[in-house]
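Undergrad: Below is a structure I'd like to ask you about.
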Amino acid sequence: MHRRVAFRDRQSGGLKAVEYVKLTIGGKCYLIRNDLYIKEKTRMHDIVEGTHEQRLLLVDGYDPATNEYYLERNTRLADHIMDFFATGSLHKPTNICTERFKEELDFWRIGVEYVSSCCSLPYDGSASKSHFHESEFNQDEMIAIFDGATCSSFRMIIWRFIEDPQSSVPAAVFALLSILFVFASVIGLILGSMPEFQEDSTNATAYHYMHARSRPNEATLQITF
C-alpha cells in the first residue's frame, strides 16, 4: 500500500508532470514529491534532489523493478517525519522514548526546534534557529519589561544580580551564599531539636533511653541515670 505525501503546490505558468520519489521506510511505502515543504536542507532533501547514484549512498537498498528505494527505520517514527516534510508540523509520538526520537531527528538532520510546543524536547542549543528559550533568563524580554519603568537600568541590574547567577561573578557568589544560608538554617533547626544542644539538657538521657526502647532489634543501651 502506497502513501502519498502531499506537499504544498507551487503556482506555475503551465501544468507539468509531478515527479515523485518512491521511498519505503520500514516496509511502508511513501511517494514523496520533489518539492518539500521545509526548505532547510535535510537528509530527505539529499534523497529527493540527488541523482540516482547519490541516492544509493543514502539508502539501504534499491529495487530496479519498482524503482523503489529502501530505508530500514522505525515506521512509528516515519509517519511523523513524513508529516513534517508534508505540513511543516512535527510532533513526537507518545509511546516513543525522547532520546530515541532525537536520534531519529539527528538521522534526518531535523533540528529539535521544529518540534511543536505541545511536544517540546530538551534543547541543547546546537541548532542555528530555535523556537525555545536557550536560557531561563531572556535578556531581550526582561529589557522590554523594565523599559519605561522608574530607574529601569538600576532595577534591571538588581534583578539580574538576584535572579540570574550566570550574569556575573558577584551574582554567582550571592547565589552560593544564599544556598549555604538555607542549609545552615536547616541544620540549625535539626540541632535545635536535639536535647544536647538545648539550654536545659537534663532531659537528654531520658530522650536517648526512649529512643533505644523504640528500636528493640538493636542491642539494649546501658544508660546510667
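Undergrad: Checking residue 105 against (1) at pLDDT 90 or above; (2) assigned to a loop (DSSP other than H, G, I, E, B), which single condition isn't satisfied?
TA: (2)
Undergrad: Please identify the pairs in which a residue from the stretch 70-92 that is within 20 Å of residue 55 (Cα to Cα) and in a strand (DSSP E or B) has its Cβ atom under 7 Å from the Cβ atom of a residue that is of a type outside the set (D, E, K, R) and at pLDDT 90 or above, counting only partners at least 6 apart or on another chain.
TA: Close Cβ pairs (under 7 Å, with a partner that is of a type outside the set (D, E, K, R) and at pLDDT 90 or above) amount to 70/24; 70/59; 70/61; 70/62; 71/23; 71/25; 71/59.
Undergrad: Residues in the stretch 168-181: is at least one part of a helix (DSSP H, G or I), loosely packed, with under 12 Cβ neighbours inside 10 Å and modelled with pLDDT under 80?
TA: no
Undergrad: Only one of (1) in contact with a Leu (Cβ under 8 Å, 6 or more places away or on another chain); (2) among the aliphatic types (A, V, I, L, M); (3) modelled with pLDDT of 80 or more fails for residue 5. Which number is that?
TA: (3)
The values are calculated or read from the model by the stated rules, or taken from the named source; none is laboratory data. Quick caveat: nothing in here was measured; it's all calculated off a predicted structure. FYI the Cβ positions are ideal-geometry reconstructions off the backbone, even for glycines, and counts take in every protein chain you see.
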